[in-house]
């Protein structure tokens, strides 16, 4: 993919700037679905009357209002730059539509220019764009932001300029980025939608990398009204918000006030929801969803339970093996330990059969390796990696073994012991030990009661084959600190999937992220075959090539046995106070909280 870029850059220097027509939106593959004269996204209520309030609840704490630095990576107040609650204070150059795989539309940048080779992108700022203090958003702000994040930001913000050969102001409102050989076809979209723009006049570069509770200046629809560190932050609508009539923002940001309440535990958060302290409660537990809503406000209709069905791949949830630890560096050991988990017992006894086993990172989509044999394009991407791969993974027939749901299926456990023997482990005096007599033992770090229940079930089965799995449940602060520095043996993690996976996969699985504190490479993977698959995915031009690359990538992750796959449900569950409303249409990516509203304001 990168072979042609140096040649293009020589042409650029020799012939002058490449010309491209300004456009209202861009898509990763093909063209955006909405025309240039679109009025709003299809999944909002465009005529909603703004007003009222909402109270969100989260588990954790906060001691900073800066989400872009390493020191406050996991302790920044929610809402500042937040894909779930909305980018309330800071904004990107373009807005992503949740009803398309990966399409962006103008926000701070009213239009964008980009050539077919994606050797450059030019953002033409909206002349109306303003900071909350009334000053205009300028090209100088964009350039300042990129340089500041490069020098003092955390990953991935600190890497935004790595693929950039030149950054320059064009005219009064334009900023052009010309790319080098390290760029790929997704990068212009990442630059547009995943990078906040900061005000040059209101940010001190000398202190930017320090955690701070100083209220910042942003261009977003809300300003910080008040805060109690670690407990609550309250945002109020900026009545002078510049972008309220921008088509990509119509129907969003509908509350006059948004508060985020913090709790130490999930149980405490749910009790607060029951008492009316919190307005919305997303629920991910089928047993909790089925059993916990027998309180009076549900019976009276004051609390409503809603089910949404997005059209997304399943993603992956699992017990993740930290391959930085010597005991997990053998793929046979990882495969055996994954096989030992009795999903059928867990699903029947803990979850009333509500879950489906997850066997692919992009299950239930055309991106999954399940049910599809590797074609010539995939085989070329896999290269030598295909030689040692389980044939069932290559031909699409791979499935995880099903147990008899007894919690100790002898046939399955016999296969586990055989795999462990191939890896150099045998059972001696009731303990699974290596050739030197060292017993196989490790710690599973959990964060919630649900995770702990899963770990206990897993621990019980492992004990049958002499594996000593200890469980340590820690508070949120310790969990975040240890996960951020990879200080664990096994950890429970979720890998959400989209229909347009991209550069985030480098942070999860790429070799460059293995030893970078704060990255999402929780398994500690550094594999050139995986790197090659990610490169192919990022460089794909057609949807067909893209899907082939993701399927090849999926096969490599499945074959690596980096985690114990758990489960998924095809639905999203949310409980809410009855006065909180939402638009009729559920977009491709599921419900969107920033488009919800307070029905009391409609009266």
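Here, each number is a calculation from the coordinates, and none is a lab measurement. Computed from a predicted structure; not experimentally measured. Note: ideal-geometry Cβ built from the backbone for every residue, glycine included; neighbour counts use all protein chains shown.
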Which peptide among 186-198, 45-57 comes first, and what is the full order, when sorted by highest mean count of other Cβ atoms within 10 Å?
-> 186-198, 45-57
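Over all distinct alpha-carbon pairs, what is the Kirkwood Rh of region 327-568 in angstrom?
On the way: mean 1/r = 0.0528 Å⁻¹.
So the Kirkwood estimate lands at 18.9 Å.
Taking all pairs of distinct Cα atoms, average 1/r, flip it, and tell me the Kirkwood hydrodynamic radius of region 137-193 in Å to one decimal place. Working shown, then result.
Numbers: mean 1/r = 0.0855 Å⁻¹.
Across region 137-193, the inverse of the average 1/r is 11.7 Å.
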Any chance you could give the angle, 0 to 90 degrees and rounded to 10, that helix 449-464 forms with the longest Cα principal axis of the chain?
-> 30
Quick one: Cα centre-to-centre distance for region 246-318 and region 79-106, in angstrom?
-> 21
The chain - share of DSSP beta bridges that are antiparallel (%, nearest 5) = 80
Please give the contour-minus-distance gain from residue 201 to residue 231: 0.36 nm per residue of separation, less the Cα-Cα distance, rounded to one decimal in nm.
-> 7.8 nm
The alpha-carbon center of region 449-493 and that of region 132-199 are separated, in whole Å, by 39
Proportion of all alpha-carbon pairs of region 543-603 beyond 15 Å (%) = 71
Over all pairs of different Cα atoms in region 48-100, the reciprocal of the mean inverse distance gives a Kirkwood radius in Å of 13.0
Taking a label point 7 Å from the Cα of residue 135 along Cα-to-Cβ, the residues of region 215-254 whose backbone nitrogen sits under 19 Å from it are 215-224, 240-243
Among region 505-530, those whose backbone N falls under 20 Å of a label point 7 Å along Cα→Cβ from residue 329 are 509-517, 521-530
Region 345-417: spread of alpha-carbon positions along the three principal axes, whole Å, largest first, is 43, 30, 13
Here the averaged projected area of the chain, based on the convex hull of its alpha-carbon atoms and given in nm², is 27.5
List, largest first, the extents of the alpha carbons of region 204-266 along their principal axes, each in whole Å.
-> 37, 36, 18
Relative to the chain, whose Cα atoms define the longest principal axis, helix 410-422 and its Cα axis are tilted in degrees, nearest 10, by 80
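Express in nm, to one decimal, how much length is gained between residue 213 and residue 429 on full extension, taking 0.36 nm for each residue of separation and deducting their alpha carbon distance. Don't jump to the answer; show the numbers that get you there.
On the way: separation 216, 0.36 × 216 = 77.76 nm, distance 5.70 nm.
Taking residue 213 through residue 429 to full extension adds about 72.1 nm, to one decimal.
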Kirkwood Rh and Cα Rg combined as Rg/Rh, region 169-291 | 1.05
Report the percentage of all Cα-Cα pairs in region 99-219 whose separation exceeds 17 Å, rounded to a whole percent.
-> 58
Mind giving me the FRET efficiency for residue 275 and residue 585? R0 is 56 Å, r the Cβ-Cβ distance, nearest 0.05 is fine.
-> 0.95
Just need the Rg to Rh number for region 267-318, please, alpha carbons only, Kirkwood Rh.
-> 1.02
Highest-first arrangement of 63-76, 302-315, where packing means the average Cβ count within 10 Å | 63-76, 302-315
Cβ-Cβ FRET estimate between residue 309 and residue 390, R0 fixed at 41 Å, reported to 0.05 = 0.80
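Remind me, relative contact order of the chain in percent, using alpha carbon pairs under 8 angstrom and six or more residues apart?
So the answer I get is 21 percent.
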Just the ratio, please: alpha-carbon radius of gyration of region 482-603 over 2.2 N^0.38 Å, N its number of residues.
-> 1.38
Arrange the peptides 564-571, 546-553 so that the one whose residues have, on average, the most other Cβ atoms within 10 Å appears first.
-> 546-553, 564-571
Over the alpha carbons of region 305-459, what is the largest minus smallest coordinate on each principal axis, giving the biggest first in Å?
-> 50, 49, 30
What is the pair-distance distribution P(r) of region 32-78, computed from all Cα-Cα distances in 5 Å bins starting at 0, with each bin given as a whole percent?
-> 5, 15, 12, 11, 10, 11, 21, 13, 3
Helix 528-539 versus the longest principal axis of the chain: what angle, 0 to 90°, nearest 10, using Cα atoms?
-> 30
What percent do you get for the relative contact order of region 327-568 when only Cα pairs under 8 Å and 6+ apart count?
-> 28
Counting only backbone N atoms under 14 Å from a point 7 Å out along Cα-to-Cβ of residue 494, the residues of region 549-584 in range are 566-575
Please report the relative contact order for region 400-519, taking Cα pairs under 8 Å with a sequence separation of at least 6, and give it as a percent rounded to a whole number.
-> 21
Expected-Rg normalisation [2.2 N^0.38 Å, Cα atoms] applied to region 411-554 | 1.28
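Please work out how much length the chain gains when fully extended from residue 180 to residue 464, using 0.36 nm per residue of separation minus the C-alpha to C-alpha distance, in nm with one decimal. Could you put the intermediate results ahead of the total?
Values: separation 284, 0.36 × 284 = 102.24 nm, distance 5.52 nm.
Taking residue 180 through residue 464 to full extension adds about 96.7 nm, to one decimal.
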Largest first and rounded to whole Å, the semi-axes √(5λ) derived from the alpha carbon gyration tensor of region 91-144 read 22, 15, 8
What share of the DSSP beta bridges in region 327-568 is antiparallel, in percent to the nearest 5?
-> 45
